[in-house]
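The values are calculated or read from the model by the stated rules, or taken from the named source; none is laboratory data. What you are looking at is a predicted structure, and each value in this text was computed from that prediction instead of being measured. Reconstructed Cβ throughout: ideal geometry from the backbone, glycine too, with neighbour counts over all protein chains shown. Accessible surface is based on the protein model in full, side chains and every heavy atom, while ligands, DNA and RNA are left aside. Shrake-Rupley method; radii C 1.70, N 1.55, O 1.52, S 1.80 Å.
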Amino acid sequence: MPVISLNVNGKTVSVDADPATPVLWVLREHLNLVGTKYGCGVAQCGTCTIHLNGNAVRSCQLPVSAVGKNAITTIEGLSENGDHPVQKAWIEQDVAQCGYCQTGQIMTATALLKSNPNPTDAQIEASMSGNICRCGTYLRIKEAIKTAAKQM
Amino acid sequence: MEKNKTDYNRRAFLKSTFLAGGGMMISFSGLAKLSLEDKINPADLPADWHELTGYIKITSDNIIKIFNPNPEFGQNVMTSLPMIVAEELDVDWKKVVVEMGHHDNVKFGPQFAGGSNSVRMYWKPLRDAGAAARNMLLTAASQTWNVPVEELTTKAGMIYHEKSGKSGTYGEFASKAAGVSIPKEVKLKDVKNFTVVRNSQKNVEGVKIVTGKPLFGLDYTQEGTLIAMIQHPPAFGMKVKSFDASEILKMPGIKDVFTLKLYEDGFEQAGFDTRTFNDLLVVVGNTTWQVMNARKKLKVSWEPKGDTKDTMAGRNGKREVIVPGALESTATHFAKMKEYAAKPAQLLRKDGDPETAFKNAAKVLERTYNAPFLAHNCMEPMNCFAHVTDDKALIVGPHQAAGWIEPTLSKVLNLPADKIDMQITRMGGGFGLRAYGHTFVEAALISRKVKAPVKLVYTREDDMTYGIYRPIYTATYRAAFDANKNLIAFHVKGGGIPEHPIHANRFPAGAVDNYLAEGWEIPSNITIGAFRAPRSNFNAAAEQSFLDEVAEAMGKDPIEFRLELLKRAKENPVGKNNEYDADRYAEVLKLVKEKSGWGSATNKQYSRGVAAYFCHNSYAAHVVDIIKKDGQPFVERVTSAVDCGIVINPDAAVNMVQGCVVDGIGNALYGELTFKEGVPEKNNFTRYRMIRHREAPKKIDVHFVQNEINPTGLGEPPFPPIFAAVANALYKSEKKRFYNQPFSNDLQKKS
Ligand code: FES
Ligand code: FES
């Protein structure tokens, strides 16, 4: 298998994987970065959301061979000490129930706030509707995004 | 202050030991009074189920570690259960370190998350444990300082003797306290003096969650772990006939392809040893992606398995159950259910003379309600890690009741239970599905076969099409009225595949003179099991919609009508075994009425629906407010009132109720799994519609009845009544009644 070089969370890493492997599985199984979650594998749930050059993408749909020099950021690389304003807002609003969807929610929310620092409720709803929360924490997700927006 | 016997029985123990390096460790045990309901069959519980033990560790430098005994699947017990210990121990919550207890039914008790039982069953033992440890620390301090123990006080992990001005940390006395004998009786705090419990505390795993730490079963791995997946039959009622793996064995990373049996013939299954498919076709490889790809190229021929026999273990001896082999379809399910509904059924409860009352009625209202199979769709698909060798097993995974699986693993692997090390991970949802053990047994058998550590992974498609579903249900309700529109008789006849949904002793039983409840069941090969508030989740939907129509037929306000019935049930109850407390039931209705501004002109813009329900020893009522958005009805706002006794962690409890509301609206509107010739017709979120962010209400106001009753369930009770509150609000909005879930089907038909 070819060795593929990637830029993940600011570091250059190389992985030995089938070029068609989705980045999701490369992160989880080759690089042991398991904060990026598997939920559906078909772009429907958002648990696998990462940033590619700062934009939210679904890592289950992104073959590792397509990444090239683009910078990957995962939840592990969002902040050094878990103190990104969005992460802090998530704690402040005590959003999580089971917590499984939340890293994907946070990655989507962070990308939203980067492109739109003061989103309206409707914009939050539109941006966040690709991320399923089976536990139903949507109201708190919205509140956390608004809390973070004030701090960013 | 409440005095409490620590009532440690013969089998239970309370032990205090010295910690290496100084400090104390106290293991505690006590009897939790359990009353289980719904899907939990007491006959299937381990004999020492009620034995309950756990740990507190206090080091000499005053680090307080409290182990959470019970599995965590989003109900937040990692935080709420240790809070209970911390309260009676009287320590500063900020200084407490919480750790998940290992699976160990001797040390930690039942370790069962389900039936909204976690707080209810651990409440007293955890209070006792905290109080006992505090008591021992005080004894140690009184001996050291040579002062009467009665003169000592504690606050936030410190011991004070006011007269002498002495003070010290718990840690200073912990080693000595470890040698103090265990108190036979402890004094518990007055609820009014609580400083930790009843105060909102943040999720102790919040930071780990938002930073993506490996918390879940699917995140667990070890050096050399292989990935395994099961290629299950495409339809319920099928099994593997033959397969050809020659091509995929050449694919990179693929290690092995084989079949094995989950249970040998005649294996006595306990209640949670469900087997969906007994012949497992397994693909094992290095990575998930490699195995996923190989499965696509695996050539398999399937055949109908025909009728099979399950041997079920039980306290009254084993019994055999025939599982029909025919391939089932939703259309035939409905036809069959109609047929059964017309036949005589099993009598579940009868008060008065309902037959005569219906015969003599001036008017009879009859309505039928239907609800489909539902998939659990936990966000984390089913998985389990296993490393089984000849003499021991390590099993790590997300499970609601590891203690129920361990005896099964012990039998299947032929290993003594003490050679099986089970570790419970945080679960990415459970909703009942993770109480069942087949995934764990499958992983263990696969590891034994390939002689390597293995992680069994279900893809989302596997998870959805290889499920243990919420059954399909139907119920017909009838109400009889006299010439003055008084309700004189009530009849419910419900059935399902393969179980009926009826809770015969729930409201309005007890409130109507002539009452009849009946149930019937149709066997099936589609596996079913507990789903958030089993049976209640359908009962409430149907009954509370029907009561709305009954109130309307009587020209009464739906809340006032229910309150009248509850008054009757309290003052002059009909029949025996009424499960609910009429006062508490009425209280949540009154609270939701007040908080929602029911009947007030300021809410005119909303189409409003109300419903209430009792289950899992708690009471919940909701008012749903619908508006029109782009011409479609939209649940804009919900007001909820809940009585679950003492609320341990208020803000987290609000989160739980909001989650129930969102989940309930989602399932009421969209949840549905249909079958065609045994094949589940949805296999991923592309077709299985889940409620999305934009479909959730804008506001969910949650109110708790304030009382000092010992805490009862919360993860389930608010869920069932939301279905009916939605249905009743939709009626106001759409001017027609909604009898069939999911309601979006009928909404679409209309537009
Ligand atoms: S796993 Fe990628 S969107 Fe669901
Ligand atoms: S918190 Fe459980 S899926 Fe979102």
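General observations
- Pairing residues of the range B:646-658 that are facing chain A (nearest Cβ under 7 Å) with residues that are in a helix (DSSP H, G or I), at Cβ distances under 6 Å and at least 6 apart in sequence or on separate chains, gives B:Q658/A:L139.
- Checking every residue in the range A:44-62 against the condition of being open to solvent by 30 Å² or more (accessible area, probe 1.4 Å), closer than 17 Å to B:N377 by Cα, modelled with pLDDT of 95 or more and in the same structural domain as A:V13 (by TED's automatic domain parsing) gives at least one match.
- On inspection, A:Q105 does not qualify as away from every other protein chain (no Cβ under 11 Å), within 16 Å of ligand 1 (Cβ to nearest atom), touching a strand residue (DSSP E or B) at 6+ places or on another chain (Cβ under 9 Å) and not aromatic (F, W, Y).
- Selection from the range B:260-270 of residues that are touching a helix residue (DSSP H, G or I) at 6+ places or on another chain (Cβ under 7 Å) and either open to solvent by 50 Å² or more (accessible area, probe 1.4 Å) or part of a strand (DSSP E or B) (or both): B:L260
- Residues of the range B:364-395 satisfying the condition of being touching a residue at least 24 places away in the same chain (Cβ under 8 Å), more than 30 Å from B:T476 (Cα to Cα) and among the charged types (D, E, K, R): B:E380, B:D391, B:K392
- Pairs meeting the criteria (first residue in the range B:191-206 and β-branched (V, I, T), second residue part of a loop (DSSP other than H, G, I, E, B) and open to solvent by less than 60 Å² (accessible area, probe 1.4 Å), beta carbons under 6 Å, at least 6 apart or on different chains) are B:V197/B:I648.
- The residues listed here are B:L487, B:L445, B:L409, B:L415; of these, the one that is in contact (Cβ under 8 Å) with a residue 40 or more places away in the chain, assigned by TED's automatic domain parsing to the domain that holds B:F272 and either touching a strand residue (DSSP E or B) at 6+ places or on another chain (Cβ under 9 Å) or not aromatic (F, W, Y) (or both) is B:L445.
- Residues in the range A:72-101 that are under 27 Å from B:N293 (Cα atoms) and of a type outside the set (V, I, T): A:Y100, A:C101.
- Residue match in the range B:655-673 (condition: touching an Asp or Glu at 6+ places or on another chain (Cβ under 6 Å) and away from ligand 1 (no atom under 16 Å from the Cβ)): no
- For the range B:271-280, the set of residues classified as closer than 11 Å to B:D310 by Cα and either open to solvent by 10 Å² or more (accessible area, probe 1.4 Å) or not in a loop (DSSP other than H, G, I, E, B) (or both) consists of B:T274, B:R275, B:N278, listed by residue number.
- Within the range B:484-498, the residues that satisfy the criterion of being farther than 17 Å from B:G555 by Cα and open to solvent by 10 Å² or more (accessible area, probe 1.4 Å) are B:H491, B:K493, B:P498.
- Candidates are the residues of the range A:6-53 that are more than 26 Å from B:G429 (Cβ to Cβ) and within 16 Å of ligand 1 (Cβ to nearest atom); the one that is farthest from the other protein chains (Cβ to nearest Cβ) is A:L52.
- Residues in the range B:314-343 that are in contact (Cβ under 8 Å) with a residue 40 or more places away in the chain and part of a loop (DSSP other than H, G, I, E, B): B:G314, B:R315, B:N316, B:K318, B:P324, B:G325, B:A326, B:L327, B:E328, B:S329, B:K343.
- Restricting B:V283, B:V257 to those that are open to solvent by less than 20 Å² (accessible area, probe 1.4 Å), within 19 Å of B:D463 (Cβ to Cβ) and either of a type in the set (V, I, T) or over 30 Å from the mean Cα position of the chain (by Cα) (or both) reduces the list to B:V283.
- Filtering the range A:65-83 to residues that are touching a residue at least 60 places away in the same chain (Cβ under 8 Å), away from every other protein chain (no Cβ under 13 Å) and open to solvent by 50 Å² or more (accessible area, probe 1.4 Å) leaves A:K69, A:N70.
- One residue from B:F490, B:F531, B:F538, B:F507 being farther than 23 Å from B:T332 by Cβ, in contact with a helix residue (DSSP H, G or I) (Cβ under 9 Å, 6 or more places away or on another chain) and not in a strand (DSSP E or B): B:F507
- Scanning the range B:350-360 for residues that are surrounded by fewer than 18 Cβ atoms within 10 Å (Cβ to Cβ) and either touching a strand residue (DSSP E or B) at 6+ places or on another chain (Cβ under 7 Å) or aliphatic (A, V, I, L, M) (or both) yields B:K350, B:G352, B:D353.
- Check on A:L62, more than 12 Å from chain B (Cβ to nearest Cβ), within 16 Å of ligand 1 (Cβ to nearest atom) and in contact with a helix residue (DSSP H, G or I) (Cβ under 6 Å, 6 or more places away or on another chain): yes
- In the range B:677-693, the qualifying residues are those that are open to solvent by 30 Å² or more (accessible area, probe 1.4 Å) and more than 12 Å from B:I526 (Cα to Cα), and the one that is farthest from ligand 2 (Cβ to nearest atom) is B:E681.
- Screening the candidates B:V196, B:V186, B:V119, B:V207 for the property of being under 30 Å from B:E708 (Cβ atoms) and part of a helix (DSSP H, G or I) yields one hit, B:V119.
- Of all the criteria given as (1) of a type in the set (D, E, K, R); (2) assigned to a strand (DSSP E or B); (3) within 14 Å of another protein chain (Cβ to nearest Cβ), the one not satisfied by B:D310 is (3).
- Checking each residue in the range B:107-164 for being modelled with pLDDT of 95 or more and among the polar types (S, T, N, Q) picks out B:T139, B:S142, B:Q143, B:T144, B:N146, B:T153, B:T154, B:S164.
- The range B:716-741, residues that are buried (at least 21 other Cβ atoms within 10 Å of the Cβ), part of a loop (DSSP other than H, G, I, E, B) and out of contact with any His (no Cβ under 8 Å at 6 or more places or on another chain): B:F738, B:Q741
- Going through (1) touching a His at 6+ places or on another chain (Cβ under 6 Å); (2) open to solvent by 70 Å² or more (accessible area, probe 1.4 Å); (3) not basic (K, R) one by one, B:S640 falls short only on (2).
- Filtering the range B:220-254 to residues that are open to solvent by less than 20 Å² (accessible area, probe 1.4 Å) and of a type in the set (K, R) leaves nothing.
- Number of positions in the range B:521-565 that are open to solvent by 20 Å² or more (accessible area, probe 1.4 Å) and not acidic (D, E): 9
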